[in-house]
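The values are calculated or read from the model by the stated rules, or taken from the named source; none is laboratory data. Note that this is a predicted model, so its numbers are computed, not measured. Virtual Cβ from ideal backbone geometry, glycine too; neighbours counted across all protein chains shown. Accessible surface areas use protein heavy atoms only, side chains included; no ligands, DNA or RNA. Shrake-Rupley method; radii C 1.70, N 1.55, O 1.52, S 1.80 Å.
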Amino acid sequence: MIQSVAFIGLGAMGYRMAAHLPKHFDTVYVWNRNFDKAKQHANEFGTLAVDLQQAVQADIIFSCLPTSADIEALIAGINIRAGSIWVDCTSGVPSSAKHLAPLFQQQNAFYLDAPVSGQTIGAENASLTFMIGGDQHAFKQALPAIQVLGKLIQHVGESGAGFAVKAVNNMLMAVNLCAASEGLTVLKAHGVDLHAALDCINASSGKSNATETILPQRVLNRSFPLTFALPLLAKDTGIAVDLVRTAKLSAPVISLAQNLVQVASDTAEENSDFSTVAKMYESWSNITIE
Ligand code: NDP
């Protein structure tokens, strides 16, 4: 029986995810580094803005920070409560989950790597996909709280498996985004109407999330709304490349896409959305994808 839940990290994802919890649980703690955001969340949604040490006393603790390094630094400064289950929704590093899970078990607690996909709109609609690695029993215990935030909730394996699936998923998205940006640049160079081209592609075998949503809704209309920062995508593709390296495999498409996303991230303006990968192709070709 879950009595209390907490959410740590009220960023683009966490702020929206944590908003659903008070509808289902009486005690919902929130904590954010910039504490004004936690207070604002409490005012807006009826959560309780508390200090970090109190937040981690909850039965289920969700977190959503940029990187595993941020999570590890935060966990190093707290006392883990026996019996608690930490559900880390950060898109993190598998080796970090493999390090943290036994650390929690020494305190009779559990750490699940539980990254999400579905973007900020999925966080807002509670329709996220969760890919979860770690102890099966803890997963089942935390499930009623996770179900408040997600639609497809899948246990994918041991600690680190959730982070691995997320990294590969985002790598596939990056590959498709690069390929689709190149494809549309080529079509524009040949005088083709890109809206008409996308209509055809999206009814054909070349379609992907990049052609169906990212390019039409962010690039062609020149909006590039900041919902998922480009450096976070570069972090994810970097994790995928590390997975390739540690498995001693060769994955040329993954390596190339990582290089492209990293260059896009290094050369983009500050606070650029991930869709600005397309702008890198525009600057190389002098062709605007619109
Ligand atoms: P944001 O940058 O919007 O938010 C980051 C949050 O983490 C903020 O609350 C920030 O606090 C906090 N934070 C940053 N560094 C630290 C630190 N060292 N210690 C404590 N708190 C810290 O990121 P997102 O919400 O976009 O992303 C969070 C995670 O979710 C990332 O791993 C990302 O890859 C993943 N993700 C993002 C998606 C998206 O569409 N945005 C979709 C799916 C996954 P403060 O307010 O004080 O800066």
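Things worth noting here:
- Per residue, the stretch 4-158 exposes 42 Å² of solvent-accessible protein surface, assessed with a 1.4 angstrom probe and all protein chains in place.
- Within straight-line cross-link reach of Lys39, aspartates and glutamates at Cα separation under 14 Å, skipping those fewer than 8 residues along the same chain: Asp51
- Dipole magnitude of the stretch 164-285 about its Cα centre (Cβ charges: Lys, Arg +1; Asp, Glu -1), debye to nearest 20: 280
- Carbon + sulfur, % of accessible area of the chain - ligands and nucleic acids excluded, 1.4 Å: 53
- Taken as entire DSSP H runs, the helices of the chain that both span 18 Å or more between Cα atoms along their own long axis and average 0.0 or more on the Kyte-Doolittle scale are 161-189, 230-246, 252-267.
- When cysteine pairs in the chain are screened for C-beta atoms closer than 4.7 angstrom, the residues that find no partner are Cys178, Cys200.
- If you wrap the Cα atoms of the stretch 164-285 in a convex hull and average its projected area over all directions, you get 7.6 nm².
- When each of Lys166/Lys248; Lys140/Lys166; Lys23/Lys98; Lys23/Lys140; Lys166/Lys207 is checked by Cα-Cα distance, pairs over 26 Å: Lys23/Lys98
- Solvent exposure of the stretch 227-288, expressed per residue, is 53 Å² of accessible area, with all protein chains present and a 1.4 angstrom probe.
- Three principal axis extents of the chain based on alpha-carbon atoms, in descending order, are 63, 46, 33 Å.
- Prolate/oblate/rounded call for the stretch 115-219, Cα gyration tensor, a/c under 1.5 rounded: prolate
- The calculated 222 nm mean residue ellipticity attributable to helices in the chain amounts to -14500 deg cm²/dmol, summing -39500 (n - 2.57) over DSSP H runs of n ≥ 4 and dividing by all residues.
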